[in-house]
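**Q** Quick one: the structure is below, questions incoming.
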Amino acid sequence: MKITIYEHPGSNTATMTVSGNVEFHNVNKFRAAFYPIIEKKVTDLTIDFGEILYIDSSALGVLAIMYKKMKEYDGTIQLINVADDVLALFRISTLDKLISIH
């Protein structure tokens, strides 16, 4: 899994691009990439799932934690370019009710 973070100059927004699968064996890397974003007081985070074909329940758990933490700081989180199979997991878990998906 590869993670790239781009902080948009002059704003409190960032885009995290994730490629590869997010699974139990690498979910800590996914979680660890998020905390520097919070420390920099980013309030609007977009996560680009365009290069992800598979996530497991551990990734869903980390996304729920990200949502909660962003909400604590009056921030938002949204997902873009989500594959249909991954989107189905969000719907089954009802995370799509919390996290905006485009």
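**Q** Within the set of other residues whose C-beta is less than 15 Å from the C-beta of MET1, count the net charge using Lys and Arg as +1 and Asp and Glu as -1.
**A** For residues surrounding MET1, the net value is -1.
**Q** Taking a quarter of the surface of the convex hull around the Cα atoms of the stretch 48-102, what do you get in nm²?
**A** Over every viewing direction, the Cα hull of the stretch 48-102 projects on average to 3.4 nm².
**Q** Among ILE77, VAL22, THR43, which residue has its Cα positioned farthest towards the positive end of the charge dipole of the stretch 21-84, with +1 placed on the Cβ of Lys and Arg, -1 on the Cβ of Asp and Glu, and the dipole taken about the Cα centre?
**A** Projecting each Cα onto the dipole axis, the largest value belongs to THR43.
**Q** What are the ³J(HN,Hα) couplings of the stretch 47-58, residue after residue, when phi is run through the Karplus curve with 6.51, -1.76, 1.60 and θ = phi - 60°? Round to Hz, x for glycine and proline.
**A** Karplus values, whole Hz, x for Gly and Pro: 10, 8, 9, x, 10, 10, 9, 8, 9, 10, 5, 5.
**Q** Right, something else. Restricted to Cα positions, what overall size does the stretch 21-84 have along the principal axes? Three whole-Å values, descending.
**A** The principal-axis extents, from largest down, are 29, 23, 16 Å.
**Q** Something else now. Once amide H atoms are built 1.01 Å from N in the peptide plane, which residues 5 or more positions from GLU51, or in another chain, come under 5 Å H to H?
**A** VAL18
**Q** Past 21 Å, Cα to Cα: identify those pairs from LYS2/LYS41; LYS41/LYS69; LYS68/LYS97; LYS2/LYS97; LYS2/LYS29; LYS41/LYS97, in the order given.
**A** LYS2/LYS41; LYS2/LYS97; LYS41/LYS97
Bear in mind these aren't lab numbers, they're just calculated from the coordinates by the rules spelled out. None of these values were measured; they are calculated from a predicted model. Using ideal geometry, Cβ is built from the backbone for each residue, glycine included, and neighbour counts are taken over all protein chains shown.
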